[in-house]
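In what follows, a structure is listed as structure tokens, so that the remarks can point back to it.
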Amino acid sequence: MAEKKEKLFDMFSPVSTEEWKAKITADLKGADFDRKLVWRTNEGFNVQPFYRREDLAGLPALDTMPGEFPYLRGTRDNNDWLIRQAVTGETPEEINRHALHVLGLGVESLGIRLGRGMQAADLAVILKGVDLAKVEVNIDCCPGRAVEVAAELVKLIEAAGAAETFRGSVGFNPFKRLLRHGLEFPKDAAAEGKALFETVKGVKGLRCFAVDSYMFNNAGAYITQELGYALAWGVEWMDMMTEAGLTPAEVACRIKFNMGISSNYFMELAKFRAGRMLWAEIVKAYEPECDCACKMHVHAVTSEFNQTLYDSHVNLLRSMTETMSAALAGVDSLETLPFDRCYKCPDEFSERIARNQQILLREESHLDKVVDPAGGSYYIENLTASIAAQAWKVFNEVEEAGGFAAMVRRGEIQGKVNESGVKRHLDVARRKESLLGTNQFPNFNEMALDKLGEGRCCKCGCAADEAADGAVEMLNFDRAASQFEQLRLDTERAANRPKVFMLTIGNLAMRLARAQFSANFFGCAGYEIIDNIGFETVKDGIDAAMAKGADVVVLCSSDDEYAAYAPEAFKELDGRAMFVVAGAPACMDDLKAQGIENFIHVKVNVLDTLVDFNAKLLK
């Protein structure tokens, strides 16, 4: 049988890249290949429409295996990431009950926030019954309390006999105050860091120097920005603590990268691969005692920037692709945020779904069974190299400007990330960046005021911290959907909900297409949409609109027919409602000369247009 097998590929002659491109160019029928098919990313590089084996030539570290320096393909020979969940409660006892509950439901890593009302000694209650030899414990607290919290945790670990097997962290982040509030950490960061290291050094798996680049992700940073700043942040730790007397290996083995994940599926997968490679080369330059110190330890958390209040179950789709990106990229631990986190404290249902997203990927999709499945992919290997190159540029810019700490103290990194956030908000407003259910295909009839609860903010930007005297610029954490959400909430709070009537007439295909476009357009503001199959005459349409009590009448037809239909409809309406033409016809200037002011089409700023309509319609 083996001798009779046909080698099918031998039946086809090889096709060169030039031949493929010639065929594609022919199919484009004169359109420019680069303008039509080459994607210019927000990250600053081009993505080709197809890649071939020859595109792998010259890319770094392709001949290495998972677990081998420079760790492009992973820092270990398996993909057993840890499933993390944040545990909360008003008292230490409540947090303990929550922790024990979720540990029985598939969670392997706990995230614990010690608020101002809790003491380090409360850890004994919080961790009662938790097997510290098996469960990863990660504690977030005020940076000024990190040493005392770490001391208490170490005491508990040693009492449990888990010093050799414990994994976890006490996140010391002296830059958090600058990033969130624009204010300097009040203590000597290096001295505190040295004291913290001395406190935890007896527990090998306890990391303490935090690189919380997820903050950049949640403020709207682009992928290469987050990675470049994360690398610079890591170097700041290396320089600060080696100058304080620690060895490069001692510092590197205590750094933990806490990174965000956006919905850009393949690029996020490539980001983690590129990050491991670049960090390994950076640490190698410090000449540590062994290459194991060059491993990048990464915890990943899904994004809050793209979570939405309206159609919030779509957040599950976003977080699922984000979770897949990180899992396939080989992160060490992963937290999938509950879909309702942006507008309330997650409940049992949303926490369960968030846990099960990872459990499904592991137990049913078996993503833990393959290490670096992207290895060798022409597309992802090129993405990895491109992201690495752009992130390295960002990293070098920071180093040339005096380093991460100096730029943060001047508010410069915050400013650059906020610029990206503004650009992304503008892209959302123009629908260049889509948020399903918010700026594209909204649920017209959904109401969300009841989601917020009495006196509770939906995080639409109204709860931003105010800068104190002498503070530098701080990160802006407004979510991408926040402005559209405020628009819809204003509509809900208004005494009247505007009605938008689709006056469909003429060319069947065009009137249906433009009615759908217009319904989605005005649906983003939460207006009531009244669609129609079509009318025989303009007068019939206007009469029907008035009978329905329309506040806005949208004429939906073809460009060729607008020259006749639009003036007739505008005259027939006679100011009884706002009049809108769906499209940008060639006769638009002539129609404007006749007093028709409102045109909606793919090039307009949807948000600004709807804000103007709200100002005129809401009472």
Largest-first ellipsoid semi-axes for the range 271-332, taking √(5λ) over the Cα gyration tensor eigenvalues, angstrom: 34, 10, 8
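Taking 0.36 nm per residue of separation and subtracting the Cα-Cα distance, what length does fully extending Glu243 through Gln594 add? Intermediate values should be presented prior to the final figure.
Details: separation 351, 0.36 × 351 = 126.36 nm, distance 7.36 nm.
Full extension of this stretch gives 119.0 nm more.
Whenever you get a sec, compute what percent of the accessible area on the range 1-152 sits on carbon and sulfur atoms (1.4 Å probe).
53 percent
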Calculate for the chain the 222 nm mean residue ellipticity that helices alone would give, adding -39,500 (n - 2.57) per DSSP H run of length 4 or more and normalising by residue count, nearest 500 deg cm²/dmol. -13000 deg cm²/dmol
Computed E for Glu184/Arg97 - FRET, C-beta separation, R0 30 angstrom, nearest 0.05: 0.20
How much of the pair distance distribution for the range 122-192 lies past 19 Å, counting alpha-carbon pairs only, in percent? 39 percent
Work out how far the C-alpha atoms of the range 83-222 reach from end to end along every principal axis, then list the three figures in whole Å, largest first. 39, 33, 29
Taking 7 Å along the Cα-to-C-beta vector as the label spot, tell me the Val38-Ala160 distance in nanometres, rounded to one decimal. 5.5 nm
Rounded if a/c is under 1.5, else prolate if a/b is larger than b/c, else oblate: which is the range 331-447, with a ≥ b ≥ c the root eigenvalues of its Cα gyration tensor? oblate
How large is the accessible surface per residue of the range 43-151, computed with a 1.4 Å probe and reported in Å² as a whole number? 46 Å²
What part of the accessible area of the range 474-619, given as a whole %, is carbon or sulfur when the probe is 1.4 angstrom? 50 percent
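In square angstrom, what is the accessible area per residue of the range 550-613 with a 1.4 angstrom probe? Mind showing how you got there, number by number?
Working: 2980 Å² over 64 residues.
Per-residue value: 47 Å².
Report the gain in length on full extension from Lys201 to Thr64: 0.36 nm times residue separation, minus Cα-Cα distance, nm rounded to one decimal. It would help to have the intermediate numbers written out before the result.
Working: separation 137, 0.36 × 137 = 49.32 nm, distance 3.17 nm.
Net length gain for the segment: 46.2 nm.
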Subtracting the Cα-Cα distance from 0.36 nm times the residue separation, let me have the gained length for Phe45 to Ala494 in nm, one decimal. 157.1 nm
Here is the link list: Lys134/Lys155; Lys344/Lys548; Lys256/Lys423. Which ones come out longer than 26 Å on Cα distance? Lys344/Lys548; Lys256/Lys423
May I ask for the Rg/Rh ratio of the range 1-76, computed from Cα atoms with Rh as the Kirkwood radius, given to two decimals? 1.14
Area projected by the alpha carbon convex hull of the range 257-307, averaged over all directions, nm²: 3.8 nm²
If you take the square roots of the eigenvalues of the alpha-carbon gyration tensor of the range 560-619 and sort them as a ≥ b ≥ c, do you get rounded (a/c under 1.5), prolate (a/b over b/c) or oblate? oblate
Computed FRET efficiency, Cβ-Cβ of Lys29 and Glu400, R0 35 Å: what is it to the nearest 0.05? 0.15
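May I ask you to derive the FRET efficiency for Glu6 and Tyr378 from their Cβ-Cβ distance with R0 = 25 Å, giving the value to the nearest 0.05?
0.45
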Over 5 Å intervals from 0, what percent of Cα-Cα pairs in the range 325-368 sits in each interval? 5, 22, 26, 22, 14, 10, 2
Among 312-323, 420-431, 212-223, the order from most to least packed when residues are scored by Cβ within 10 Å on average: 212-223, 312-323, 420-431
How do His366, His297 rank by accessible surface area computed with a 1.4 Å probe, from largest to smallest? His366, His297
Charged-residue dipole, Cβ positions (Lys, Arg, Asp, Glu), the range 493-585 about Cα centre, Debye nearest 20: 420 debye
For the range 208-302, what is the accessible area per residue in Å², given a 1.4 Å probe and the full set of protein chains? 23 Å²
Considering the values [x] 56; [y] 49; [z] 63, which represents percent of Cα pairs over 32 Å apart as calculated for the structure under consideration? [x]
Roll a 1.4 angstrom probe over the protein heavy atoms and tell me the percent of accessible area of the range 332-439 that is carbon or sulfur. 52 percent
When N is the residue count of the range 505-619, what does its C-alpha Rg come to as a fraction of 2.2 N^0.38 Å? 0.98
From the mean inverse distance of alpha carbon pairs (Kirkwood) and the Cα radius of gyration, derive Rg over Rh for the range 200-325. 1.04
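The values are calculated or read from the model by the stated rules, or taken from the named source; none is laboratory data. For clarity, every value in this text was computed on a predicted model and none was experimentally measured. Virtual Cβ from ideal backbone geometry, glycine too; neighbours counted across all protein chains shown. Keep in mind that these areas ignore ligands, DNA and RNA; they rest on the heavy atoms of the full protein, side chains included. Shrake-Rupley method; radii C 1.70, N 1.55, O 1.52, S 1.80 Å.
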